[in-house]
Amino acid sequence: MEAWYKICQDFPKDSTPMKIAVVGGGAGGVELTLAIQAGLQQLGSRKLEMHLFHSGRELMSNSSTSLRKLLKKILQQRGVELHLGKLSQIEKVFPEQGYKKITNCPDLFQHVFWVTQASAAPWIQKTGLAVDAEGFILIDETLQSISHPHVFATGDIATMVNHPRPKAGVFAVRQGKPLFRNLRQAVWGKPLKPYIPQQNYLSLIGTGDGNAISTISYAYASRGKLTLPPHKLLWYWKDYIDRQFMRQFERL
Ligand SMILES: Cc1cc2nc3c(=O)[nH]c(=O)nc-3n(C[C@H](O)[C@H](O)[C@H](O)COP(=O)(O)OP(=O)(O)OC[C@H]3O[C@@H](n4cnc5c(N)ncnc54)[C@H](O)[C@@H]3O)c2cc1C
């Protein structure tokens, strides 16, 4: 956040174009690209170039075709330069000039935002717990490790063997109650209850201009069922959900 406030402060001061790169074309990277662009453009008339780098050929590869098309169109309409289908690295840093070079791109960037997906902590591998190919703890329907049943794991750190889902708060939060219930059952020496996560989930993607796109997806097939085009009301809805959630931490 400190770095972001500094960027905002510096933006109107200079007349040279500001070039910003976002690496990672998932929901976070796409949303952040649009939000940065909209936010900075409000601060001054300095030329701003936004570049979005993504390893996949398609942005938001886990989303529906309709949502992907819509977001790509919005990004292109707003002049965001897309670099798809290549794994990116920071190739070189020029500390004196304050620039960074990204592999496969002739441009130099003042700022690079790294928005690639959640990864497993390296210490998990050393514990001997059964893990999936990405190093996340494998759990069954009772939320117990499949190799060490006295260990429970939920949220981003775990993958349900029979019900894999995206690493998203939607799924992490809902495992809270069944985790509590099963920990209590385990302490009491009673049988544990299975938990099966929902298949459908709602995504609300902000487009940075006070609108949002809504889509209802199938978690399992990662296939969209319904996509609604950008609308202000969807933004208010997203904002309302997020604020309601955060309020829970204020009123414990
Ligand atoms: C920018 C951003 C936007 C997102 N937006 C959405 C969204 O709109 N909708 C959605 O569904 N999901 C969203 N997500 C994903 C969501 O935040 C995660 O899926 C969710 O927070 C996972 O919850 P968790 O409790 O498993 O892990 P976390 O929320 O990451 O919590 C883990 C906690 O454990 C602490 N910790 C880590 N290691 C240790 C340790 N060794 N000892 C003690 N403590 C430790 C960490 O500091 C952290 O506080 C977003 C994620 C990001 C980064």
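Figures for the structure shown
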{"read-out": "Odd one out for Glu49, checked against (1) under 22 Å from Ser214 (Cα atoms); (2) of a type outside the set (Gly, Ala, Ser); (3) modelled with pLDDT of 90 or more; (4) in contact with a Pro (Cβ under 9 Å, 6 or more places away or on another chain)", "value": "(1)"}
{"read-out": "Hits in segment 62-86 (condition: more than 21 Å from Met18 (Cβ to Cβ) and either out of contact with any Lys or Arg (no Cβ under 8 Å at 6 or more places or on another chain) or not assigned by TED's automatic domain parsing to the domain that holds Gly208 (or both))", "value": "Asn62, Ser63, Thr65, Ser66, Leu67, Arg68, Lys69, Leu70, Leu71, Lys72, Lys73, Lys86"}
{"read-out": "Test: residue in segment 236-243 that is crowded, with 18+ Cβ neighbours inside 10 Å and assigned by TED's automatic domain parsing to the domain that holds Asn62", "value": "yes"}
{"read-out": "Yes/no for Val131 being closer than 24 Å to Asn62 by Cα and within 10 Å of the ligand (Cβ to nearest atom)", "value": "no"}
{"read-out": "Strands (runs of 3 or more DSSP E) contained entirely in segment 1-100, each with at least 1 residues that are surrounded by fewer than 11 Cβ atoms within 10 Å (Cβ to Cβ)", "value": "90-94"}
{"read-out": "Whichever residue in segment 193-217 is surrounded by fewer than 14 Cβ atoms within 10 Å (Cβ to Cβ) and either modelled with pLDDT under 90 or over 16 Å from Ala35 (Cα atoms) (or both) and, among such residues, is nearest to the chain's Cα centre (by Cα)", "value": "Leu202"}
{"read-out": "Candidates Gly155, Gly208, Gly169 - the one that is in the same structural domain as Gln244 (by TED's automatic domain parsing) and within 15 Å of the ligand (Cβ to nearest atom)", "value": "Gly208"}
{"read-out": "Residues being polar (S, T, N, Q) and farther than 24 Å from Arg57 by Cβ - total across segment 23-44", "value": "2"}
{"read-out": "Any hit, segment 179-187, residues being within 14 Å of the ligand (Cβ to nearest atom) and either farther than 20 Å from Gly128 by Cβ or under 29 Å from the mean Cα position of the chain (by Cα) (or both)", "value": "yes"}
{"read-out": "Residue match in segment 27-37 (condition: away from the ligand (no atom under 14 Å from the Cβ) and in contact (Cβ under 8 Å) with a residue 12 or more places away in the chain)", "value": "yes"}
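The values are calculated or read from the model by the stated rules, or taken from the named source; none is laboratory data. Note that the structure is a prediction, hence the values are computed from the model and not measured. Positions of Cβ are generated from backbone atoms using ideal geometry, with glycine treated the same way; all protein chains shown enter the neighbour counts.
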